[in-house]
1. For ASN244, are the conditions met, namely being of a type in the set (S, T, N, Q), surrounded by fewer than 18 Cβ atoms within 10 Å (Cβ to Cβ) and in contact (Cβ under 8 Å) with a residue 12 or more places away in the chain?
2. Do the conditions hold for ASP90, that is, is it farther than 30 Å from ALA318 by Cα and either away from the ligand (no atom under 16 Å from the Cβ) or in contact with a Gly (Cβ under 6 Å, 6 or more places away or on another chain) (or both)?
3. Kindly provide the set of residues from the stretch 285-327 that are out of contact with any Lys or Arg (no Cβ under 9 Å at 6 or more places or on another chain), in contact (Cβ under 8 Å) with a residue 40 or more places away in the chain and among the polar types (S, T, N, Q), ordered by number.
4. Identify the single condition in (1) within 16 Å of the ligand (Cβ to nearest atom); (2) at pLDDT below 95; (3) not polar (S, T, N, Q) that LEU192 does not satisfy, given that it satisfies every other one.
5. How about the stretch 212-230: which of its residues are more than 14 Å from the ligand (Cβ to nearest atom) and out of contact with any Cys (no Cβ under 7 Å at 6 or more places or on another chain)?
6. Which ones in the stretch 148-168 are within 11 Å of the ligand (Cβ to nearest atom) and outside any loop (DSSP other than H, G, I, E, B)?
7. List pairs: first residue in the stretch 193-209 and among the aliphatic types (A, V, I, L, M), second residue part of a strand (DSSP E or B) and modelled with pLDDT under 95 anywhere in the structure, Cβ distance under 6 angstrom, at least six positions apart or on different chains.
Amino acid sequence: MKIAEARKLFPVFKNRTYLFSGGIAPANTRAAEAMQDHLDALTYNPSDYYHHSVHTATEVKHLFARLMHCDHDEIAITENTSSAINIATDLLRAKPGDNVVVDDFTYPSSIYPWLLPSHHGIEVRPVKQRDGFIHMQDIEKAIDDRTIALSVCHVSPFEGFRHDIAKLAEIAHACDAVLIIDGAQGAGAENLNLHESGVDFYGCCAMKWLLGAPGIGFLYVARKHLDKIPSRAGYVSGGFDVNNFKLVSNASRFELGKPSLMSLAYTKPGLEILLDLGMENVHKHILNLSGNIISGLKAHNIKVVTPEDPNHRMGIVAVHEHDADKLFETLHAYKIDLYAKSKTLPYYKGGFIQIAPHIYNNLEDVNRLIEALDAYHAQK
Ligand SMILES: Cc1ncc(COP(=O)(O)O)c(C=O)c1O
């Protein structure tokens, strides 16, 4: 399939300009059909459904592994990004006196687990942004021999800043720390090779760039960490022989019971669409559209927060906007969807909007958005 054909699979474009993939991807027609098939099986033949549909989880792991260039047995299915990162954090068994390096753009779900009472005595060290960038030298300075983990976002949702995972892994490993990546805004947008990147733990959700369902997440655990011991166990992690409990040797040891099979059924076609298009093409298309959005906004004197350098951005374009709620309402009335929030963030005070183009968007969407923003600012 060519990128331009993918749009037809997403009915939202019949009447909206959808630029909100950093929040949630719209449903595609194949996902809707897959859900209906599962519902029919559950309605008319639940016993067969019970026995066969569990394979959906394995199929989805295989597809995710192909997309992200890793092995399917290094993948655990989770509920979302936050649960994936929490599992990774828990596996490290940090001790008082250890520290964790994060940065100004790290998402709360990668910071809060370290602030729990069970992690008392562990220091969280935030690396400050400078001019909208997180500089590698600053990360190197923050890490020392008591650093147990470096934990950051691949692409940050409120700034659109993209880290180079391979460089981060080098820095972390030089001090015997592990690298934990929150890939919620990167997985399905970037053509990433998890094996080559050197990342230790990578968590993400299905519902954004991976075109899957809410309530499904993935945790990649690099093979060298597959012997780590989780603090929870279920029959998926340990099997059924209660007199001979032994954790399985793959990433299923980090799972507990039956996942949401219906949501996995929804997720599968999304991953297949990305594989069919080819992640190199997906990556190029997204970078091209986000680049066009940045240059279009700049041409209209709208200040962009996201770096222009393609090495430091991916699909998210963030713009500082004081009255973001009002702008959101205006654009919504024009049938343009994006993320807008009047809230205070560590990096910039006040509101912001997040524009996130994916495979189904095109330059017409970009132009429509820029014209609408221009008209909005001219009215003010
Ligand atoms: C970078 C990042 N991490 C985590 C999340 C939360 O994701 P989840 O609901 O899958 O835990 C988001 C949501 O926008 C995000 O942008």
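The values are calculated or read from the model by the stated rules, or taken from the named source; none is laboratory data. Model, not experiment: these values are computed from the prediction. When we count neighbours, we look across all protein chains shown, and the Cβ atoms used for this are built from the backbone with ideal geometry, even at glycine.
1. Considered against the rule, which asks whether it is of a type in the set (S, T, N, Q), surrounded by fewer than 18 Cβ atoms within 10 Å (Cβ to Cβ) and in contact (Cβ under 8 Å) with a residue 12 or more places away in the chain, ASN244 comes out as no.
2. In short, no.
3. ASN292
4. (2) is the only condition that LEU192 fails.
5. Start the filter on the stretch 212-230 by keeping residues that are more than 14 Å from the ligand (Cβ to nearest atom), which leaves 220-230.
Of everything in the stretch 212-230, those that are more than 14 Å from the ligand (Cβ to nearest atom) and out of contact with any Cys (no Cβ under 7 Å at 6 or more places or on another chain) turn out to be VAL221, ALA222, ARG223, LYS224, HIS225, LEU226, ASP227, LYS228, ILE229, PRO230.
6. Scanning the stretch 148-168 gives VAL152, CYS153, VAL155.
7. none
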